[in-house]
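Written out below as structure tokens is the structure these notes cover.
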Amino acid sequence: MKPGIILDMDGVLYRGEEPIEGAKEAVGFLKERGIPFVLLTNNSTKTPGSYREKLLRMGIEVPEERIVTSGLATRLYMEEHFKPGKVFVIGGEGLLEEMKSLGWGLVDVGGAKKGGWKEVEYVVVGLDPDLTYEKLKYGTLAIRKGARFIGTNPDTTYPAEEGLYPGAGAIIAALKASTGAEPLIIGKPNEPAYEVAVERLRSFGEFEEIWMVGDRLDTDVVFAKRFGMKAVMVLTGVSSLEEVERSGIRPDLVLTGIEELPGYIEAKLGEGG
């Protein structure tokens, strides 16, 4: 059964700026065999173009069209479902660029200090490496005044070279605590991210089933199970085998790392299943 592959990035292809063993070879295998694939990351700090450049530095060549971020999915969802209104962003450069692309107008901290927070209609929150109390303050004020609270993704941590760093979900949790508001979450494991990823995947060829390859139980594996995909978990990122046993969330397949994926695909194609 020919698969279409959705690949997570953090913890699957790299940790921080360090590529994970076998990542380049696995992506090369998918291209050589003509297996449709897209990269889907909940990390909104970079644009698809910036992620393409990051991967190139690791020797992994993937066109921008194959890369979907939670920031991109957020912009596309807002364009389709919401009316234009001013946006206050708590997030990295990638999310800022996506929100600028909306053309609805941004209110920054400087503008918020002058009362601009009162005009904000959407507070959009992702992973923000430059998070400040001021950003949380004006995000809180705008949400409590009635602005729509939108989160790019729920990941409370993300894997980097030194270990697990705080993720977008940790920042979202702070705003939930200060406002009592429940955010709309766009990224994995939710439907908006699924719709964008599958639409892109179909543009790269035909497949009979979708495999979601990721490192997190609470986003990647739950995402796969929610939408009928095969859940493939690698052990190079956030979740461990011990967590699988404790959680009761069961991947369909656990691999030591992405380096094992080509061999498994070959075996499945060889047996026709």
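The values are calculated or read from the model by the stated rules, or taken from the named source; none is laboratory data. If you're wondering where the values come from, they're calculated on a predicted model, not measured in any experiment. Note: ideal-geometry Cβ built from the backbone for every residue, glycine included; neighbour counts use all protein chains shown.
Among the residues of the range 128-143, write down those that are surrounded by 12 or more Cβ atoms within 10 Å (Cβ to Cβ), part of a loop (DSSP other than H, G, I, E, B) and among the charged types (D, E, K, R). Even if it seems obvious, please write down each step before you answer.
Going residue by residue through the range 128-143, those that are surrounded by 12 or more Cβ atoms within 10 Å (Cβ to Cβ) are 128, 131, 134-143.
Still in the running and part of a loop (DSSP other than H, G, I, E, B): 128, 131.
The answer is Asp128, and nothing else.
Condition (residue is crowded, with 19+ Cβ neighbours inside 10 Å and acidic (Asp, Glu)) applied to the range 255-271: is it met by at least one residue?
Within the range 255-271, not a single residue is crowded, with 19+ Cβ neighbours inside 10 Å and acidic (Asp, Glu).
Output the number of residues of the range 1-51 satisfying the condition of being closer than 18 Å to Leu201 by Cα and among the small types (Gly, Ala, Ser).
Adding up the residues that qualify gives 5.
Can you name the residue in the range 1-24 that is surrounded by fewer than 19 Cβ atoms within 10 Å (Cβ to Cβ) and over 14 Å from Glu266 (Cβ atoms) and is also nearest to the chain's Cα centre (by Cα) among such residues? Let's see the steps before the verdict.
So the first thing to find is which residues in the range 1-24 are surrounded by fewer than 19 Cβ atoms within 10 Å (Cβ to Cβ), and the list is 1-2, 16-19, 21, 24.
Filter again for over 14 Å from Glu266 (Cβ atoms), leaving 16-19, 21, 24.
On the way: Gly16: 15, Glu17: 17, Glu18: 18, Pro19: 18, Glu21: 21, Lys24: 20 Å.
Out of the qualifying residues, it is Gly16.
If you take just the helices (runs of 4 or more DSSP H) that sit entirely in the range 174-273, which of them hold at least 2 residues that are more than 19 Å from Tyr14 (Cβ to Cβ) and touching a Gly at 6+ places or on another chain (Cβ under 6 Å)?
Values: elements: 191-202, 222-226, 241-247, 261-270.
Fully inside the range 174-273 and qualifying: 191-202.
For the range 11-24, name all the residues that are under 21 Å from Ser240 (Cα atoms), at pLDDT below 95 and charged (D, E, K, R).
Arg15, Glu18
Residues of the range 186-212 being surrounded by fewer than 20 Cβ atoms within 10 Å (Cβ to Cβ) and not aliphatic (A, V, I, L, M), which ones?
Glu191, Glu195, Glu199, Arg202, Ser203, Phe204, Gly205, Glu206, Phe207, Glu208, Glu209
A quick yes/no check of all residues on (1) crowded, with 19+ Cβ neighbours inside 10 Å; (2) in contact (Cβ under 8 Å) with a residue 60 or more places away in the chain; (3) within 30 Å of Glu134 (Cα to Cα); (4) in contact with a Leu (Cβ under 6 Å, 6 or more places away or on another chain):
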| site | (1), (2), (3), (4) |
| --- | --- |
| Tyr158 | yes, yes, yes, no |
| Leu184 | no, no, yes, no |
| Gly214 | yes, yes, no, no |
| Gly237 | yes, yes, no, no |
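Among the residues of the range 118-156 satisfying the criterion of being among the hydroxyl-bearing types (Ser, Thr, Tyr) and in contact with a Leu (Cβ under 7 Å, 6 or more places away or on another chain), which is farthest from Pro84 (Cα to Cα)?
The initial filter retains those residues of the range 118-156 that are among the hydroxyl-bearing types (Ser, Thr, Tyr), namely 122, 132-133, 138, 140, 152, 156.
Right, trim to in contact with a Leu (Cβ under 7 Å, 6 or more places away or on another chain) and you get 140, 152.
On the way: Thr140: 20, Thr152: 18 Å.
Result: Thr140.
Only one of these is in contact with a helix residue (DSSP H, G or I) (Cβ under 9 Å, 6 or more places away or on another chain), among the hydrophobic types (A, V, I, L, M, F, W, C) and farther than 19 Å from Pro262 by Cα: Ala224, Ala231, Ala197. Name it.
One residue alone meets the criteria, Ala197.
Could you please let me know if Gly163 is closer than 30 Å to Tyr14 by Cβ and modelled with pLDDT under 95? Reasoning before the result, please.
Details: closer than 30 Å to Tyr14 by Cβ: yes; modelled with pLDDT under 95: yes.
Here the answer is yes, as Gly163 does meet what is asked.
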